[in-house]
């Protein structure tokens with residue numbers, strides 16, 4: 001019984017550690033367009049998806065919908081679609 005309880009506790013700690021490492025950090029995506037919090041792309045989106053400016057995160061390298069053309073021009077080879 002004690003072994004099972006210990007194993008269960010270790011499993012919970014391992015899962016919690018994995019989840020905490022994968023948390024989303026909003027500071028990695030400055031000027032993120034409201035409503036676009038979960039849509040990030042590893043390559044430049046070839047479709048607009050209703051977004052005017054695509055930014056590229058300097059921390060993750062992912063593309064996301066942002067609010068300003070100035071921000072879109074930073075670290076982004078394709079700031080305007």
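None of the figures in this text is laboratory data; all of them are computed from the coordinates on show. These numbers were taken from a predicted model, which means no experiment stands behind them. When we count neighbours, we look across all protein chains shown, and the Cβ atoms used for this are built from the backbone with ideal geometry, even at glycine.
Structure notes:
- Region 25-81 gives an Rg/Rh value of 0.89, both radii derived from C-alpha positions and Rh following Kirkwood.
- Between residue 41 and residue 24, the modelled label-to-label distance comes to 1.7 nm, taking each label 7 Å out from Cα in the direction of the beta carbon.
- As a rough guide to protection, the peptides 40-53, 57-70 ranked by mean Cβ packing within 10 Å, highest first, stand as 57-70, 40-53.
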